C-alpha cells in the first residue's frame, strides 16, 4: 500500500537504525497519524529481508490489541493470531503478567521484533523504578528481542517516571525520540484534523459556606482559588452539564448536515455520571446514544458496533481515551475528573483522525479549569516540559514476590480509581438515582460547599494551527 510521507521516512529511519546495530527505536507520532500502519511496514520489510522470524505486538487494551491484529493480518497478508503458521500475534500489556517461561523462550530461540503501542504505559529504567509491565519488558524483552519498535503519541508519564526502553538526556532528563511527527505537521499534511478547543466559563457563581456566608465569583478560576468548591463538583453540576451538552449537540447536529455519519464522545467521570448524561442525551436532546464502561462484559464489541453504526453519541468511562480508532468521532465533551495533560491529549486524539467525509471539523468542549486552560494553550508542544524523575536505587531489600505484588497493585489502580459508590434517593423522592440532578449528590468525590451558577456562560475558543474552521 502507499504510505504517507512521514510513514515512509519513519520506516526508513527505523531500518537504518536497526542496521546500525541499535536495537530499540522510539517513534513519537501524534494520535491519528497512522502509527500502526507504519509499524506493520517495518515488520514487513524486516521479514522480507529475513532479519526476523516473528513479530509480537503489545498494547494497553483489548480493543487496541484487536485492531493491531486485524491491521497486521491484512497488510502482511498472513495470519497474526499466534497459531501454527502465523507470523506473530497481538497481546495486551496486562497479558504479559500471565506468560510463563516457555513463552519468553520464543524470544531467546528466535529473532523477534517486538512492537509496543503507547509505550508510555510501561515505566522503568531499572527494576527499582519499573511498574509491572515495565518489569516484564526489562526482564524478558529488552535483551532478548532482536529489535523493538516503541510507539507513542504522548511520550511522558503523569507520574514523571522514565518510560521503558527510552533514552534521556543528561542532566535535564528529556526523552530522546528517534523520529517525531507532531500534530502541527500532521495538520499541515492533512493527516489529522485541526481541533478547536472550547473552554466553558461562567460570570457569576455564588457559594454558601458552612457558616452560611455567601461569596460570588466571576470565573471558574476565581471560584477554585477563592473557595472550597472543586472541579469535580462543577462537572457533575446539572446546569453546567446541560450547557456543555447543548453546545456539543448543536455542533454535532451542524456537522451531521454534511456528514450524516459524524458522532460525538462524552468522557464521563463514573458509571453513575455516565448513565445520567446518557439519559439526558436521549430524553432531553433527542440524540441516539450508547454507553461503554469497564463494567461491560464485552466493551470492545460495543465499541466496534458503535464504530460502524450511525448512533450520534457514545458516553464512556475510561474506555475510549487513547488508541481507539473511530474516525467518525468529531465532537467531544471532556467531563472527566482526570485533569492530567497526558489524559487531556489522549482524549483530544479521539477526534483528530481524518476520514473521507466532506466536513473535517474537530471540536472539544471542556470547562475552563486553570490546568485545562494551560493544556489547551500549549497543545502545539510535542513534548511538554515535564522533567523525568530518576530515583536513586534504595538499599532496602524486597522479596521478588512481594515486589511483584506491589507493582501489580499499582498497575490495577485504574480500576480502583474508577470504582464509585451509588447513593440512593431520599424517601420523598420518586425518581431513580440515575435521573436525579447530580449537583448536590455524593459521587464518592468528597463534600464541597453548596454553590449556584447564576450568571451567563461564556466560551473561549482555542484555535490550533490557524484552523480554517
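The values are calculated or read from the model by the stated rules, or taken from the named source; none is laboratory data. Everything numeric here is computed off the predicted structure, so don't read it as measured data. Note that each Cβ is placed from the backbone with ideal geometry, even for glycine, and that neighbours are counted across all protein chains shown.
Residue by residue through the stretch 249-278, note down the ones that are in contact with a helix residue (DSSP H, G or I) (Cβ under 6 Å, 6 or more places away or on another chain) and part of a helix (DSSP H, G or I).
Of everything in the stretch 249-278, those that are in contact with a helix residue (DSSP H, G or I) (Cβ under 6 Å, 6 or more places away or on another chain) and part of a helix (DSSP H, G or I) turn out to be 275, 276.
For the structure I just gave you, tell me whether residue 230 is at pLDDT below 95, on the phi < 0 side of the Ramachandran plot, surrounded by fewer than 20 Cβ atoms within 10 Å (Cβ to Cβ) and within 24 Å of the chain's Cα centre (by Cα). Show your work before the answer.
Details: at pLDDT below 95: yes; on the phi < 0 side of the Ramachandran plot: yes; surrounded by fewer than 20 Cβ atoms within 10 Å (Cβ to Cβ): yes; within 24 Å of the chain's Cα centre (by Cα): yes.
Here the answer is yes, as residue 230 does meet what is asked.
Kindly establish whether residue 268 is in the same structural domain as residue 198 (by TED's automatic domain parsing), at pLDDT 95 or above and more than 30 Å from residue 452 (Cα to Cα). Even if it seems obvious, please write down each step before you answer.
On the way: in the same structural domain as residue 198 (by TED's automatic domain parsing): yes; at pLDDT 95 or above: yes; more than 30 Å from residue 452 (Cα to Cα): no.
So residue 268 fails the test.
Just to be sure before I move on: is residue 134 free of Cβ contacts under 8 Å to residues at least 60 places away in the same chain and in contact with a helix residue (DSSP H, G or I) (Cβ under 9 Å, 6 or more places away or on another chain) in the structure I sent? Step through it out loud before you land on a result.
On the way: free of Cβ contacts under 8 Å to residues at least 60 places away in the same chain: yes; in contact with a helix residue (DSSP H, G or I) (Cβ under 9 Å, 6 or more places away or on another chain): yes.
Spelling it out, residue 134 is indeed free of Cβ contacts under 8 Å to residues at least 60 places away in the same chain and in contact with a helix residue (DSSP H, G or I) (Cβ under 9 Å, 6 or more places away or on another chain).
With the structure loaded, tell me whether residue 101 is assigned by TED's automatic domain parsing to the domain that holds residue 137 and closer than 18 Å to residue 138 by Cβ or whether it fails that test. So that I can check it myself, show each step before the final result.
Values: assigned by TED's automatic domain parsing to the domain that holds residue 137: yes; closer than 18 Å to residue 138 by Cβ: yes.
Spelling it out, residue 101 is indeed assigned by TED's automatic domain parsing to the domain that holds residue 137 and closer than 18 Å to residue 138 by Cβ.
Scan the stretch 18-39 residue by residue and report those that are assigned to a loop (DSSP other than H, G, I, E, B) and in contact (Cβ under 8 Å) with a residue 24 or more places away in the chain.
Initially, the stretch 18-39 is screened for residues assigned to a loop (DSSP other than H, G, I, E, B), giving 20-23, 30-34.
Selection gives 23, 30, 31, 32, 33, 34.
Return the residues of the stretch 26-36 that are closer than 18 Å to residue 178 by Cβ and in contact with a helix residue (DSSP H, G or I) (Cβ under 9 Å, 6 or more places away or on another chain); say none if nothing qualifies.
Pass one, the stretch 26-36, residues closer than 18 Å to residue 178 by Cβ: 26-30, 33-36.
26, 27, 29, 30, 33, 34, 35, 36 - these are the residues of the stretch 26-36 that are closer than 18 Å to residue 178 by Cβ and in contact with a helix residue (DSSP H, G or I) (Cβ under 9 Å, 6 or more places away or on another chain).
Across the stretch 167-203, which residue is surrounded by the most Cβ atoms within 10 Å (Cβ to Cβ) among those that are part of a loop (DSSP other than H, G, I, E, B) and out of contact with any strand residue (DSSP E or B) (no Cβ under 8 Å at 6 or more places or on another chain)?
Taking the stretch 167-203 as the starting set, the residues that turn out to be part of a loop (DSSP other than H, G, I, E, B) are 169-174, 177-178, 182, 189-191, 193-194, 203.
Subsequent filtering for residues that are out of contact with any strand residue (DSSP E or B) (no Cβ under 8 Å at 6 or more places or on another chain) retains 170-173, 189-191.
On the way: 170: 8, 171: 7, 172: 9, 173: 14, 189: 13, 190: 11, 191: 22.
Here the residue is 191.
Against the definition (assigned by TED's automatic domain parsing to the domain that holds residue 47, more than 17 Å from residue 57 (Cα to Cα) and in contact with a helix residue (DSSP H, G or I) (Cβ under 6 Å, 6 or more places away or on another chain)), how does residue 181 come out, yes or no? Talk me through it step by step, then tell me what you get.
Values: assigned by TED's automatic domain parsing to the domain that holds residue 47: yes; more than 17 Å from residue 57 (Cα to Cα): yes; in contact with a helix residue (DSSP H, G or I) (Cβ under 6 Å, 6 or more places away or on another chain): yes.
Considered against the rule, which asks whether it is assigned by TED's automatic domain parsing to the domain that holds residue 47, more than 17 Å from residue 57 (Cα to Cα) and in contact with a helix residue (DSSP H, G or I) (Cβ under 6 Å, 6 or more places away or on another chain), residue 181 comes out as yes.
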